[in-house]
Each structure stands twice: as C-alpha cells, then as structure tokens.
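The values are calculated or read from the model by the stated rules, or taken from the named source; none is laboratory data. What you see is a predicted model; the values in this text were computed from it and never measured. All Cβ positions, even for glycine, are placed from backbone atoms using ideal geometry, and neighbour counts span all protein chains on display. We work out accessible area using only protein heavy atoms, side chains counted, and drop any ligands, DNA or RNA first. Shrake-Rupley method; radii C 1.70, N 1.55, O 1.52, S 1.80 Å.
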Amino acid sequence: VRGVNFEAVLRVEEDEANSKRNASKREVEDDLGLSMLIDSQNNQYILTKPRDSTIPRADHHFIKDIVTIGMLSLPCGWLCTTIGLPTMFGYIICGVLLGPSGLNSIKSIVQVETLGEFGVFFTLFLVGLEFSPERLRKVWKISLQGPCYMTVLMIAFGLLWGHLLQIRPTQSVFISTCLSLSSTPLVSRFLAGSVRGDKEGDIDYSSVLLGMLVMQDVQLGLFIAVMPTLIQAGVSTYSSIFKEILRILILIGQILFSLAAVFLLCLVIKTYLIGPYYRKLHTESKGNKEILILGITAFTFLMLTITELLDVSMELGCFLAGALISSQGHMVTEEIMCCIEPIRDFLAIIFFASIGLHVFPTFVIYELTVLLFLTLSVVIMKFVLAVLVLSLILPKTSQYIKWIVSAGLAQVSEFSFVLGSRARRAGIISREVYLLILSVTTLSLLLAPALWRAAIMKCVPRPERRSST
C-alpha cells in the first residue's frame, strides 16, 4: 500500500507459564487480537480496537496504574505537607517511584500521560475563571513585552554558549526556547492560595504573572508551528536559507492570523452567546449539577478544539473558556469553581505523577554535579533576566512585585517534555541532550516551591503593614 511502512513485531502471550490452565482464556484473547505486540524499538502496543467489538473489554493495566497512583499519592502528599512542601512535590515523587526508573509498575505510560493532560486543561480553565478580562486589560502591555524580551535574551545567551561549546545554532535555538518557557499549571497552583488570600489588598503580582504565562503559552503554540521549518532548516543548504526565512515568516503570519481569529471569536461568544448559554445551563441544572458540569466541560472542550484546529495551543483555548465564563460575574465564577475544582484536583495528581515518570534517578546520580550546575544556572539566569526586564517595563509604584513575578518564572515548563520528545524524534537533539533537558526541567520544578515561598515571605506586604502605611 502506498505510504505505509511495514515492520515485523514480536507477539507475546500473557501467562505463558500457565499455558494449560489459561488455554481457554488465551484462545479467546487470540480471537480478539489482545496479545502484546513489541516492535524493533521495544515499543509495546496496546489494543484500541479489537476485531470483535461486541465483547466489552477493559484495559486492566491502565485501571491498576491509576489505582496505584491514587493510593501512593496519598502518603507522598501527606509527607510533603508534614515537612512544609506543596503536595505537588509528593505527586512527582510518586511518579518517580512507580515509573521505569523505580518499581516499573506503570504499564500504560501513554494512557497515564494522556489522562494527566486533562489535569492541565482543567487547571488552565480554573486559571482563566479566576483571571478576569479586566485584570488582563490592566497588564496587557507588560504581558506582551515581558515574555518576548525574555525569549529573545534567552536565545541570544543560548547562541553565545552554543558558539563557545560548538553546538549547532538550530539546536541552541531549540534548547534556549524550551528553557525560556515557564510552567503555567505549577504557578497557577502557587497562586491558588495566594490570590484568594490577598483579594482584599492591592497586590497585583498575580495579574502580571498570569498574563506573562498566557503569552508564553501563545509562544509555545507559535514555536510548535515553526518547528517543522526549524527541522528543515537544520538540514538545508546555504543556498535555500532565504526560502527558509520566508517560510518561517509565512508560518508566523499564519499563527498571528489564527490568534486574531480566536480572539475575534471570543469577542462574539462573549457578546452574544455565553450569557444565554450559561442561563440555560443554570436553569436546567437546578437540583442536578451534572448538567452544569457537563455543559461547562463541553464548552471548555469546544474552545480547546477550536484553538487546536487553528494551530494554536489547546491550553490557550482552556484558559479562554474560563475567562469567557468569568465575564458573567463573581457568583457564576464561585458556583462553577465549586463544581470543577474537585475534578481538577484529581486530574492534577495524575499530571504531576506523569512528570515523575520521566525522571531517571540513575542518570541524575551519575551526572549530579553537572545537572545541579546547569539547573542552578538556568534558574538564576531566568530569575535575573526577568528582574531586568520587569525593572524596565513595570511602573515605579509596582517595582516591588518584580521579585515575586521573577520567582514564578524562574523554573522550566513541563511542556519542554513535549517539545523535547518531538525534537528527539526529528533528530534535532541527541539522546543525551534530551535527558539533560528532562532532568533540568524536573529539578527546576522541584526547586520552584522553595523559591516561590522565599519570594512571598520576603516581598509580599502583610495586611498590617499596608494598613499602617
């Protein structure tokens, strides 16, 4: 068949030792095609569509994985709470213990990571629900300028270090762009308690920080769109460099057009549709919250699908869905948050545990000195660059928040896992560089709670200080 690649795979039956006792069971599995298939790269294929779809089947490995993560996350979360660390840290440790580098008890890694992505979706939805358009309007200039300046500076430093270390420019640009991104789900978890606790004050660091993170999500979608051209640029000849530049400019124009289309659609939805839609949901859900939860979830998935079709990040669609619903007022926000927050909390556990699945303690131990140096260098560099950029663009009356915002931006986004895996498959980076990116990202995420707590304790004015002044 044209366009199809063929490859021999190994077929492995479960419970081969008990062949006599399980003969009848295996015969049924053979009819359904449920045997494990392993290809030449040791990938294990999981059944998604059996030949006989009339017989209901369940992925028991996936069920056991979720049950195990749920049970082990509880003591890990309790332990971190006892010693004063965020529970998120315990969930990552849970993933490390259960992952390939630990007990290796997680069989359905792809499914666990996929379910964890829904934790990101609902987290960003609740971020948009708390982040009203009025607050975004106040800081839109800072949100637009800050991430752009930081990304340009990170790429400039990356090219400089790449030239000194004799690294290809394409690889240097990719690594610098990955490291310039910050974790929106992680920071939103930090702000979950801080924002509610400081609503009576005039602290607006949350608005600046979330605005910059949203712009970084936009940059993520832009970079994913430009990545195919970046891959081609790495193997292209010098004579075609102008064509590559033109192609990159065309892709940037397409992304800008897609963003304009998304925000125009949001304006139409906010003006004409979201109000009647929520009132209908509220009327139908009296005495039955299932309709309200389903309606809000469906609207979030609709915005996610729209941004995905327009080649913009799905995470931005979830954020915009929350922001649109928050325009209906504070009472609406509180009602929806009470319904969606428990779902978000459970899925966030799966998400942070899936991050731990990528951590390899043996690699970290062997390269501990190098990894600590690289991680501290990246964290310090991002913190210093953020302070310098915010010193230039923040008003003089709000200069004190630059330390808090910089602390929130100092870690590396977990989306570098996604970008790194794509670049690894495309041959942009080597396996060693890929493991370095994963390790530095994970270590920076583990250091982030301590840095955030230090910034909050040192820089956030107490209510009594504000009242006395």
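Quick notes
- Compared with the direct C-alpha span, the chain from Leu302 to Asn43 gains 90.0 nm at full extension, assuming 0.36 nm per residue.
- The range 299-353-the range 386-400 distance, computed between alpha-carbon centres (Å): 30
- Modelled spin labels at Leu256 and Leu165, positioned 7 Å past Cα toward Cβ, are 3.3 nm from each other.
- Convex hull per residue volume in Å³, alpha carbons only, for the range 251-409: 189
- Rg ratio (alpha-carbon, reference 2.2 N^0.38 Å) - the range 51-118: 1.33
- Note on Arg279/Glu341: beta-carbon distance plugged into 1/(1 + (r/R0)^6) with R0 of 22 Å gives a FRET efficiency of 0.50.
- Relative contact order of the range 252-403, defined on C-alpha pairs under 8 angstrom at six or more residues apart (%): 16
- Taking amide hydrogens as placed 1.01 Å from N in the peptide plane, the amide H of Ser413 sits under 5 Å from those of Leu181, Ser182, Ser183, each at least 5 positions away in sequence or on another chain.
- If you wrap the tightest convex hull around every Cα atom of the range 352-430 and split its volume per residue, you get 128 Å³.
- Under Karplus coefficients 6.51, -1.76 and 1.60, residue-wise ³J(HN,Hα) of the range 119-124 in Hz, glycine/proline x: x, 5, 4, 6, 5, 5
- Solvent-accessible surface (1.4 angstrom probe) belonging to Ser101, in square angstrom, nearest 10: 40
- Enclosed volume per residue, in Å³, of the convex hull spanned by Cα atoms of the range 244-337: 84
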